[in-house]
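A short worksheet on the structure shown next.
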Ligand code: SAH
Ligand code: DHB
Ligand code: MG
């Protein structure tokens, strides 16, 4: 049998839908290679299978007009596996949206474990709560509504935490502040995962005027300088374009 000629997909630049207001990110066009999407689907179809509850969470988010910026299915599975690997009993998420990533992580919890997820937008929080009920996770996941810079100090003051796994995925300009709070709310061995740290490669642009890019860069400087933590960052391509995760281990 003849081997099929490998297809070289043309590079395509498409403006991605942007969330209003607080998500920031500017109006930079994003590169999405069709092959990245196809490969993402190949892995998710083979390794993840169909999940009506996760699919319903995305559908209800779309129906409510939420932006399509949840983690991809393969990234969600990674978050779930990280929770399983560390035997997470307490998880904190900053930036709920419709709760898609929250459900993935909650399913990786050790028996008896719990999740707290922080969300500024009341509509997003509402959609998420309905998704948690449908997933029968509403007894396990608490949604704290309000700006995370208000709810994080409240969590700390109320003695919630420390958290085994923290996922930072809200407004990017505040990543440095969220990182500081995350360290305060962690213990040796905690993992802190930060989404969207590559930003189509713009992260290397020191003179970027994009507050999201500068937020990521300040976070990277903090991570590099702080002896309490060690970390790395992994570039990703896929259905969400070209972006990546930072993964931080608290010593
Ligand atoms: N983690 C989600 C995606 C989160 S999108 C998933 O992968 O499924 C980012 C979310 O952060 C949005 O819902 C946005 O409303 C929220 N957000 C933005 N600024 C915030 C702030 N200051 N405090 C709390 N949440 C914020
Ligand atoms: C976008 C993507 C994200 O994962 C996120 O957390 C915020 C914004 C975006 O593509 O705009
Ligand atoms: Mg994100």
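Determine which member of the set 204, 234, 168, 247 is without any contact (Cβ under 8 Å) to a residue 24 or more places away in the chain and under 30 Å from residue 45 (Cβ atoms).
Only one candidate qualifies: 234.
If I filter the range 216-251 down to residues being surrounded by fewer than 19 Cβ atoms within 10 Å (Cβ to Cβ) and farther than 22 Å from residue 79 by Cα, which single residue comes out as nearest to ligand 2 (Cβ to nearest atom)?
The qualifying residue nearest to ligand 2 (Cβ to nearest atom) is 218.
For residue 149, which of the numbered conditions (1) farther than 26 Å from residue 187 by Cβ; (2) surrounded by fewer than 20 Cβ atoms within 10 Å (Cβ to Cβ); (3) in contact with a helix residue (DSSP H, G or I) (Cβ under 7 Å, 6 or more places away or on another chain) fails to hold?
Going through the list (1) farther than 26 Å from residue 187 by Cβ; (2) surrounded by fewer than 20 Cβ atoms within 10 Å (Cβ to Cβ); (3) in contact with a helix residue (DSSP H, G or I) (Cβ under 7 Å, 6 or more places away or on another chain), residue 149 breaks only (1).
Residue 79: modelled with pLDDT of 95 or more, within 11 Å of ligand 1 (Cβ to nearest atom) and in contact with a strand residue (DSSP E or B) (Cβ under 7 Å, 6 or more places away or on another chain), yes or no?
The answer is yes for residue 79.
Across the range 108-119, what is the total count of residues that are surrounded by fewer than 20 Cβ atoms within 10 Å (Cβ to Cβ) and part of a loop (DSSP other than H, G, I, E, B)?
Number satisfying all stated conditions: 4.
Given 194, 213, which one is within 12 Å of ligand 3 (Cβ to nearest atom), modelled with pLDDT of 95 or more and surrounded by 19 or more Cβ atoms within 10 Å (Cβ to Cβ)?
194
Here is a list: 84, 75. Which entry is more than 18 Å from residue 132 (Cβ to Cβ) and free of Cβ contacts under 8 Å to residues at least 40 places away in the same chain?
So the residue among 84, 75 that is more than 18 Å from residue 132 (Cβ to Cβ) and free of Cβ contacts under 8 Å to residues at least 40 places away in the same chain is 84.
Might you let me know whether the range 39-60 holds any residue that is within 16 Å of ligand 3 (Cβ to nearest atom), touching a helix residue (DSSP H, G or I) at 6+ places or on another chain (Cβ under 7 Å), farther than 28 Å from residue 187 by Cβ and outside any helix (DSSP H, G or I)?
no
Determine, yes or no, whether residue 179 is under 24 Å from residue 251 (Cβ atoms), in contact with a helix residue (DSSP H, G or I) (Cβ under 9 Å, 6 or more places away or on another chain), without any contact (Cβ under 8 Å) to a residue 40 or more places away in the chain and not in a loop (DSSP other than H, G, I, E, B).
In short, no.
The values are calculated or read from the model by the stated rules, or taken from the named source; none is laboratory data. Just so we're clear, the structure is a prediction, and the values are computed from it rather than from any experiment. All Cβ positions, even for glycine, are placed from backbone atoms using ideal geometry, and neighbour counts span all protein chains on display.
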